[in-house]
Amino acid sequence: MVEKYFFNRKGKIIHGKYSGWYVTMVDDSEGETGGCYVIVNNPDLNSREAYDIWLEHKDEISEYMDELNWEIDWDI
């Protein structure tokens, strides 16, 4: 199970679904939704293609990352 992720820090997906794309985790647990967002952006500067998913609980992030077989470089 993937355990390493950071909130409000851009990372690059280097393995798994959307490999080469950028990802940002946004903690909204104290905000309007009470959960968190995973935002995935196409690396092509000419593209506006992006996706987000809302997760109800922070502890769902690792499971979601595992489902997509993600390895993320957080040192970009």
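Taking the Cα centre of the chain as origin and charging only Cβ (+1 Lys, Arg; -1 Asp, Glu), how large is the dipole, in debye to the nearest 20?
380 debye
For the chain, what is the percent of antiparallel DSSP beta bridges, rounded to the nearest 5?
Here the share of antiparallel DSSP bridges comes out near 95 percent.
How much length is gained if the chain between E30 and E71 is pulled fully straight, taking 0.36 nm per residue apart and subtracting their Cα-Cα distance, in nm to one decimal?
Net length gain for the segment: 12.0 nm.
Of W70, S19, F6, which is farthest towards the positive pole of the chain's charge dipole, taken about the Cα centre with +1 and -1 on the beta-carbons of Lys, Arg and Asp, Glu respectively?
S19
The numbers here are math on the coordinates, done by the rules we state, and not lab data. Bear in mind that the values here come from a model prediction, so they are computed numbers and not experimental data. Because the Cβ atoms are built from the backbone with ideal geometry, glycine has one as well, and the counts that use them run over all protein chains shown.
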